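Okay, structure first, notes after.
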Amino acid sequence: MANTFSATVNPPDPLKFGAGQKLLADGTGRFSDLCEAFNWLHAYGGSQNVITQGWGDEIATVAAVMPGAGSTHARWRFPQIDDAFTTVRCAVYARFAGTAPATGSVRFQSTNGADSLTLTINDGAAAWYEGTLTVAFAGGYETVDMTIAGDGTDATTVYEVAVDYQPLSSPLAAAGSSNITPFDEAERDADSCVASDLGRYMLDNLTALFVRQRVYYQWSDLTGVEDGMSTVEHVVWIPVHYGGFEQTLTMTVHVEATGVASASKVYIYHSAISPGLPSDDATTTVIDVAAGAARQWYSTTFRLFEAHRLRGLPHPFIPVVIWPGTRDVDGVGGFSPRVPQNLGNPTPTIHAVSMWSV
Amino acid sequence: MPFVDSRIPPVPVDATVNIAQPLRSLQPIASAALHLMAWRFRRLITAQWTWDPSIGYGYSVDPAGETQDRRVRWHTSPLARYLHVTIVYQAAEGGTAPTIALNLYDIATSTLQDGPVTFDRSEGTLPGAQVETGEGAGLASLIDEYPFLVVHTGTDTRPAGDDRVGLLNVPTAARDEDVELVLTPAGARIRAVTVWEYPTVEI
């Protein structure tokens with residue numbers, strides 16, 4: 001009665017399930033594969049990077065000497081994909097400039113999960129270090145902080161950060177609080193019954209899988225080292241695929257910012273890159289930061305595209321441009337996002353930007 | 001997706017016998033599951049590196065360019081077959097044509113899985129690859145003030161006939177593994193990278 005699956009699972013073959021056809025238990029693409037596919041989808045679906053970021057030499061090396069616990073240097077938010085995913089794997093590509101037995105460290109702290117992970121960074125060449133961190137979700141997202149520390153004399157340098165949900169292992173746990181109901185072998189056997197609840201579970205599973213969110217963008221400054229997003233455009237390319245299901249793509253954006261003396265703005269420009277698109281597919285979303293506002297998170301949503309307007313166009317990548325406010329006008333025209341001229345308008349200090357979507 | 005619901009009566013599944021079929025077909029469910037496996041859940045990794053205008057970003061890049069490798073790490077899907085990589089970079093003015101080499105490694109074994117794929121830009125043209133420049137290319141305004149170029153691994157410099165041409169290959173040994181894509185620039189600064197898995201789904 002184990003909810004097993006194989007990583008190299010055979011996908012189900014829709015042509016084997018037509019009305020009037022034999023419903024065969026076994027055979028490539030048949031009923032047993034359909035059941036196992038749901039287990040596989042639960043384990044692997046959405047189990048990808050939620051944070052990917054790095055810093056240049058000039059910045060990372062400056063970030064080095066941070067003796068003691070120090071303060072938070074980087075902060076990100078990311079969404080929950082399912083209750084079954086309660087840990088993330090945190091990896092850094094880092095080096096410590098001192099000599100053994102001295103070491104540096106990188107510490108991750110989850111806000112809702114109230115867990116911490118300290119990675120010991122050894123001397124020598126840069127290498128990958130990793131560990132797991134328990135996470136929990138309030139409002140559908142978790143916030144994770146990262147702190148870099150040397151030994152008081154020598155520096156720790158972090159070049160790259162990669163945090164991801166690891167795939168679940170086989171056999172899967174029972175449904176529990178998860179939104180997915182896994183299937184066991186007995187339900188796939190020949191001469192057993194296709195119970196009515198099995199069909200319902202499949203539909204419920206599909207619904208739960210289709211709303212798993214994907215992180216499209218993560219950026220954090222290094223507070224106290226390289227504060228704030230530079231006042232130039234930051235571009236991320238969002239690939240688009242037409243599966244027949246995604247008619248729109250709505251992005252959720254969280255921005256952590258500190259206000260300045262007067263009111264300021266964060267602009268998010270988004271557009272399709274291919275010529276010929278209607279201009280209303282290129283729009284601007286604005287986050288207002290009040291004068292003197294303390295460091296805090298802001299969130300908004302925007303519609304990135306409607307699939308039917310992009311179908312058939314080549315290179316379906318959409319640029320999203322994030323820019324600390326420069327002018328208080330719509331900076332987008334035609335099918336191309338236009339970077340506004342810097343007119344000296346006040347710009348908030350942007351500490352972090354996280355963007356995800358279903 | 002009202003294809004199958006709880007009103008379907010229990011129906012025996014038999015390996016050899018043509019049984020009574022449910023009132024409705026399971027075909028749409030199988031199609032949806034296949035779609036999720038093949039497309040919806042392929043891995044996407046986007047990475048952007050902090051830029052400091054004081055070191056020349058947005059205005060010029062030393063012809064020697066950025067020499068630091070950039071690394072993107074993730075756990076590949078068991079179904080990953082190819083990688084489509086999009087790079088946003090800024091080329092040096094003058095000097096030799098910049099290049100960006102891509103190499104894919106298995107982290108556990110430090111084994112090269114594919115590469116190098118090398119982009120070689122010359123006079124605004126990257127052989128075989130898409131370069132979004134100039135008016136009408138859709139990014140003209142973006143490059144007015146802070147020029148950058150975008151390249152896709154639509155084509156690389158490997159010879160025709162190599163079945164890996166066009167995309168990075170994810171061999172079987174690198175599927176369901178922790179991998180890192182190492183980008184080595186010369187004469188250019190890499191600003192952002194998007195890695196998009198393409199799956200292999202064979203029924």
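No value in this document is a laboratory result; all are computed from the given coordinates. As the structure is a computational prediction, the values presented were derived from the model and not from experiment. Cβ atoms come from the backbone with ideal geometry, glycine included; neighbour counts cover every protein chain shown.
Prolate is the label for region A:120-225. Its Cα gyration tensor axes, ordered a ≥ b ≥ c, give a/c of at least 1.5 and a/b above b/c.
For the pair residue A:111 and residue A:193, label points projected 7 Å from Cα toward Cβ lie 4.9 nm apart. What residues of region B:182-203 lie in the reach of a label at residue B:112, counting those whose backbone N is under 20 Å from a point 7 Å from the Cα along Cα→Cβ? Within reach of a label on residue B:112, which here means backbone N under 20 Å from a point 7 Å along Cα→Cβ, region B:182-203 contributes B:182-187.
Summing Lys and Arg as +1 and Asp and Glu as -1 over all other residues whose Cβ lies under 15 Å from the Cβ of residue A:28 gives a net charge of -1.
Under 11 Å from the Cβ of residue A:209, count the other residues' Cβ atoms, weight Lys and Arg +1, Asp and Glu -1, and hand me the total. Spelling it out: positives minus negatives among the neighbours equals 0. Report the label-to-label distance for residue B:200 and residue A:169 in nanometres (one decimal), using points 7 Å from each Cα along the Cα→Cβ vector. Label-label distance for residue B:200 and residue A:169, simple model: 2.7 nm. Residue ranges A:257-263, B:69-75, A:10-16 sort as B:69-75, A:10-16, A:257-263 when ordered by packing (mean number of other C-beta atoms within 10 Å per residue, highest first).
The residues packed around residue A:109, meaning those with a beta-carbon under 10 Å from its beta-carbon, carry a net charge of 0 if Lys and Arg are +1 and Asp and Glu are -1.
Gain on full extension, evaluated as 0.36 nm per residue between residue A:130 and residue A:227 minus their Cα-Cα distance, stands at 32.3 nm. Peptide A:185-196 shows a mean partner chain C-beta count of 4 within 10 Å per residue C-beta.
By the count of other C-beta atoms within 10 Å, a proxy for reagent exposure, A:236, B:201, A:321 are ordered fewest to most as B:201, A:321, A:236. When peptides A:168-180, A:76-88, A:203-215 are sorted by average Cβ neighbour count within 10 Å, with the highest value leading, the order is A:76-88, A:203-215, A:168-180.
Ranked by how many other Cβ atoms sit within 10 Å of their own Cβ, fewest first, the residues A:302, A:183 fall in the order A:302, A:183.
Taking 0.36 nm per residue of sequence separation and removing the Cα-Cα distance, the residue A:200/residue A:2 pair yields an extension gain of 69.3 nm.
By definition, a body whose alpha carbon gyration tensor gives a ≥ b ≥ c is prolate when a/c is 1.5 or more and a/b is larger than b/c, and region A:99-152 fits this prolate description.
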